[in-house]
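Data first, discussion second: the structure below is written as structure tokens.
No lab work stands behind these numbers, since they all come straight from the coordinates. All values reported here derive from a predicted model rather than from experimental measurement. Cβ coordinates were reconstructed from backbone atoms using ideal geometry, including for glycine residues, and neighbour counts include every protein chain displayed.
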Amino acid sequence: MSITGCALVLFLLFHMAMNVVAVIGDGSAYDMICAFLGANWYALVGTVGLAACVVVHFIYAFILTWQNRKARGNVRYAVTVTEKGVDWSSKNMLVLGIIVILGLGLHLSHFWAKMQLQELMGNHEIALATGAVVGPTDGVEIIKYVFSQWYNVVLYLIWFAALWFHLTHGVWSMFQSAGAANDKWLPRLKCVSNLISTVIFLGFAVVAVVFFVKGNPELFGCCSCCCPEAAVEAAVEATPAVEAVVEGAVEAAAEVVAPAN
Ligand code: HEM
């Protein structure tokens with residue numbers, strides 16, 4: 001569990017960093033990453049490795065939970081008062097993990113099934129429910145489509161929160177299983193664990209929220225910095241003023257030049 005958990009945390013850090021690129025610039029950099037991670041052999045090796053890690057991690061989670069319950073007999077917890085130092089996440093890792101897996105299923109249907117899978121099937125055009133047609137590496141268009149719907153944003157934020165709880169326990173526990181935690185290091189590792197989980201949560205959440213705001217300008221007001229329609233309107237409004245300034249400048253220049261001639 002510790003080894004597959006470590007691989008999955010590294011994937012999450014990479015995936016989160018990659019997704020943050022989608023909110024920077026015009027999105028072409030993100031689409032380039034999606035094309036790079038499409039149906040190429042190295043991306044497919046990564047996908048198969050990742051799927052194997054998820055399966056092994058999940059099977060061990062059930063085996064360990066079953067072993068723990070068997071060791072305790074029918075009494076799940078002899079003392080139900082929360083012990084100092086025993087966090088809520090540690091007692092609910094299996095449930096949190098199941099929520100994470102269910103969210104992953106929804107997520108793969110939103111993205112992977114429209115991207116890498118379509119490339120593997122040789123499809124170059126994917127029709128979205130809005131009627132728009134996109135390519136299998138048009139990551140930004142697919143993110144825009146998914147997060148413009150409020151219920152997806154709510155579901156994803158719940159999913160990210162479950163992932164946060166799962167990781168706050170999982171990351172330090174991974175070090176402990178590998179024998180790297182002692183009385184001195186355990187509190188430090190718990191702190192690092194909270195930090196990594198929070199960075200991962202915020203990185204993913206910012207993408208969902210930014211695309212929701214951008215995709216619903218009517219809800220948040222439309223400003224020329226993020227909304228193309230408003231930028232065009234502002235440019236049209238500003239045109240007479242700009243023309244007047246240019247005309248004034250031309251006249252002033254003519255006056256300066258005329259006496260000299
Ligand atoms: C804002 C949040 C997220 C966005 C925008 C996002 C975006 C994407 C995209 C575009 C792909 C398809 C890449 C491709 O097939 O070329 C993908 C695949 C995937 N995502 Fe996410 N993702 C997010 C959050 C997450 C989270 C939280 C997890 C895990 C808990 C996750 C796990 C995966 C996995 C396992 C794949 C398949 C990777 C592969 O094919 O190798 N994603 N995601």
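Quick notes on this one:
- Most fluctuating residue given options GLN67, GLN176, GLN149, as computed from a GNM of the chain linking Cα atoms under 10 Å: GLN67
- Share of pairwise Cα-Cα distances greater than 23 Å in segment 122-261 is 64 percent (whole percent).
- The chain: DSSP helices with Cα axial extent of at least 15 Å and average Kyte-Doolittle hydropathy no lower than -1.0: 2-20, 41-72, 93-110, 150-177, 185-215, 228-260
- Cα-Cα over 20 Å, subset of LYS70/LYS184; LYS91/LYS190; LYS70/LYS190: LYS70/LYS184; LYS70/LYS190
- Segment 2-260: proportion of alpha-carbon pairs further apart than 36 angstrom, %: 34 percent
- Whole-number D in µm²/s for segment 5-47 (Stokes-Einstein; Kirkwood sum over Cα pairs; 37 °C, 0.692 mPa s): 292 µm²/s
- From least to most packed, judged by other beta carbons within 10 angstrom and beginning with the fewest, GLU251, GLU218 follow the order GLU218, GLU251.
- With neighbour counts taken as other beta-carbon atoms within 10 Å, the residues ASP26, ASP31 rank, fewest first, as ASP26, ASP31.
- Likely footprinting exposure, VAL210, VAL246, fewest C-beta neighbours within 10 Å first: VAL246, VAL210
- Highest-MSF residue in the chain out of SER28, SER173, SER197 [GNM, Cα springs under 10 Å]: SER28
- Largest GNM mean-square fluctuation among THR198, THR65, THR168, using the chain with Cα springs under 10 Å: THR65.
- Placing unit charges on each Cβ (+1 for Lys and Arg, -1 for Asp and Glu) gives the chain a dipole about its Cα centre, and among ASN123, TYR145, ILE63 the Cα reaching farthest toward its positive end belongs to ILE63.
- The residues packed around VAL133, meaning those with a beta-carbon under 11 Å from its beta-carbon, carry a net charge of -3 if Lys and Arg are +1 and Asp and Glu are -1.
- Magnitude of the charge dipole, the chain, Cβ model with Lys/Arg +1 and Asp/Glu -1, debye to 20: 2520 debye
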